[in-house]
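The values are calculated or read from the model by the stated rules, or taken from the named source; none is laboratory data. Being a predicted model, the structure only gives us computed values, none of them experimental. Cβ placement follows ideal geometry from the backbone for every residue including glycine, while neighbour counts extend to all protein chains displayed.
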Amino acid sequence: MRILFRLALLMVATGALFGCAHNYYNIPQDTLEKRVRTIGVAPFFTDAESDIRHPEKASIVSIVRSYNLKNEKELIARIRSTGIFYAVRPVTAEPDRLFSSLVWNREKRDDARIVYNKYFFKKDDLKQLMTENGLDAVLFVTVSGLTKPGKVFSSNFLSYLETDFNYLTMSAVMLDREGNTIWEYPNFRRESPSYPMFFSLQYPDFDEAAANLTEKVDVKFKTVAGVNAAFAKSEPSSVANAPEVSTLYVKQFDEMLALLQTYKPLFGAKEKEKETLPAPGSAPVYYTPPASAAPTAPPPAAPVSAAPQGVAPAAPAAPVPQPAAPAAPAGPPPITSGDIVPEQPPAR
């Protein structure tokens, strides 16, 4: 029994040492830490033109837009709490307008047996967005429709239906100023890529088939009220003093955050010297007054020889007046509206 316990403990320790050393970014972690300091999180996109086949599509799109707006702040707060980046800022913009101005193409992909929607962004507009907001990278999250093969079991697990189902899916990508992909979800740097769907818009009606004594199972769309009820189901936020968050979003956020984490080797890594961060170009520059010149000391007086008896010593020459030292300025000039004080890094 002890041998089994020790073996299990060894396996857990080995997994902790080597399993956490995976880098899910498309660039080395050292490069990430040096170049990607401040990131922005764009408002969540809803791709209304994607493959959403619900007969009341407009209502479904409206529900998604509403809950995107309610839950996007949770992801920003959770990324901040990890301390991975120097600063995490929301990008203030109208989601649909930003989506139409940045995205020029969508493509349904099947990579490593993962079916997903991939989005392509305009490089010039992307660079302008990041320059205006002082960002090194931006994280885009998109909810879209997707039809793909699925396998759904009945409630008693005695039967199942394997066919195409229509889903809502959530994807994400982090891009730098040149449009290069720094990180993406679904993530293909995992040993076994997986991509859980955000929400299924359809379900197989096993009960109706059983009631009619038939093996033919119809696939039906969920009602608008049912979709809204599923999105409204919430739970407490993992961030202190934050409002409740939709359970559907929590599951996706957990997946993404597990792939955003960076690793810290426990053994064999020499501690690197802390680099001094260069002052951002927008940091205020204060005026430092030049040191006032020290007054020139008068030359030493020539030795006075002893005066002969009966002769009075000569009166000393009057001192030459020295120019007054310039008055030091009262203090640094006030910060103008264009000066930006860099954010302080979060406590690690």
Run Ala172 past the list (1) hydrophobic (A, V, I, L, M, F, W, C); (2) outside any loop (DSSP other than H, G, I, E, B); (3) touching a Lys or Arg at 6+ places or on another chain (Cβ under 9 Å) and report the number of the one that doesn't hold. (3)
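The rows are residues; the columns are (1) at pLDDT below 95; (2) part of a loop (DSSP other than H, G, I, E, B).
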| position | (1), (2) |
| --- | --- |
| Gly15 | yes, no |
| Phe18 | yes, no |
| Asn23 | yes, yes |
| Pro43 | no, yes |
| Glu49 | no, yes |
| Ser66 | no, no |
| Glu74 | no, no |
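Among the residues of the stretch 182-211, which ones are among the polar types (S, T, N, Q) and either in contact with a Cys (Cβ under 6 Å, 6 or more places away or on another chain) or surrounded by fewer than 13 Cβ atoms within 10 Å (Cβ to Cβ) (or both)?
Of everything in the stretch 182-211, those that are among the polar types (S, T, N, Q) and either in contact with a Cys (Cβ under 6 Å, 6 or more places away or on another chain) or surrounded by fewer than 13 Cβ atoms within 10 Å (Cβ to Cβ) (or both) turn out to be Ser192, Ser194.
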Give me a count of the residues in the stretch 129-160 that are out of contact with any strand residue (DSSP E or B) (no Cβ under 9 Å at 6 or more places or on another chain) and not hydroxyl-bearing (Ser, Thr, Tyr). 4
Of all residues in the stretch 107-148, which are surrounded by 17 or more Cβ atoms within 10 Å (Cβ to Cβ), out of contact with any helix residue (DSSP H, G or I) (no Cβ under 7 Å at 6 or more places or on another chain) and of a type in the set (D, E, K, R)? Lys148
Is one or more of the residues making up the stretch 152-169 under 29 Å from Arg37 (Cβ atoms), buried (at least 18 other Cβ atoms within 10 Å of the Cβ) and not polar (S, T, N, Q)? no
What about Val239, is it part of a loop (DSSP other than H, G, I, E, B), touching a residue at least 40 places away in the same chain (Cβ under 8 Å) and in contact with a helix residue (DSSP H, G or I) (Cβ under 9 Å, 6 or more places away or on another chain)? yes
Positions within the stretch 196-217 being under 30 Å from Thr142 (Cα atoms) and not aromatic (Phe, Trp, Tyr), in sequence order: Pro196, Met197, Ser200, Leu201, Gln202, Pro204, Asp205
Among the residues of the stretch 83-105, are any in contact (Cβ under 8 Å) with a residue 60 or more places away in the chain, surrounded by fewer than 17 Cβ atoms within 10 Å (Cβ to Cβ) and closer than 24 Å to Pro196 by Cβ? no
